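Taken together, the values in this text are just the output of simple stated rules run on the coordinates, not laboratory data. Because the structure is predicted, anything quoted here is derived from the model rather than measured. Cβ coordinates were reconstructed from backbone atoms using ideal geometry, including for glycine residues, and neighbour counts include every protein chain displayed.
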Amino acid sequence: MRVKVKARVARPKIEEIPISTEFIKLDAFLKFANAVGTGGEAKERVLEGQVLVNGETCLQRGKKLRPGDTVALGGLLYKVTAE
């Protein structure tokens, strides 16, 4: 008798990052969340297509993020929240 075992897929932990403004631009958010070390690195990672915003690849480093938006980079997941 064979038993099927479902593989458990670990979901990344969502780190909530509160902002005190109406929006924050993507490159600034990546620095603010400590997802990257420098603004230059943020620009590079976005332009290389390594950043997902709300589950879709985003190539706009100036994309406005608002509370409720999610950002994924390198296996980490961040959620923009209101302060």
222 nm mean residue ellipticity, helices alone, for the chain (DSSP H n ≥ 4; -39,500 (n - 2.57); rounded to 500): -5000 deg cm²/dmol
State, to one decimal in nm, how far the label point of Thr21 lies from the label point of Glu41, with both points 7 Å from Cα in the Cβ direction. 2.2
When the Karplus curve 6.51 cos²θ - 1.76 cosθ + 1.60 is applied with θ = phi - 60°, which whole-Hz ³J(HN,Hα) does each residue of the stretch 37-47 get, with x for Gly and Pro? x, 9, x, x, 5, 4, 4, 4, 5, 5, 5
Among (i) 13.5; (ii) 19.3; (iii) 12.9, the entry derived from the coordinates for Kirkwood radius over Cα pairs in Å: (i)
Computed label-point distance, nm, for sites Ile14 and Arg66 using a 7 Å Cα→Cβ extension: 1.7
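Among DSSP beta bridges whose residues both lie in the chain, state the antiparallel percentage, nearest 5.
Restricted to the chain, the bridges split so that about 65 percent are antiparallel.
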Percent relative contact order for the stretch 33-81, counting Cα pairs under 8 Å at least six residues apart, stands at 29
Measuring from its Cα centre, the chain shows a charge dipole (+1 at each Lys and Arg Cβ, -1 at each Asp and Glu Cβ) which, in debye to the nearest 20, is 580
Compute the relative contact order of the chain as a whole-number percentage, counting only Cα pairs closer than 8 Å that sit 6 or more residues apart in sequence. 36
Excluding the sites themselves, what is the longest stretch of the chain that contains no trypsin sites (Lys or Arg not before Pro) in a DSSP loop with at most 15 other C-beta atoms within 10 Å? 14-83
Among Leu65, Leu47, Leu30, which one shows the highest mean-square fluctuation when the chain is modelled as a Gaussian network with alpha-carbon springs under 10 Å? Leu47
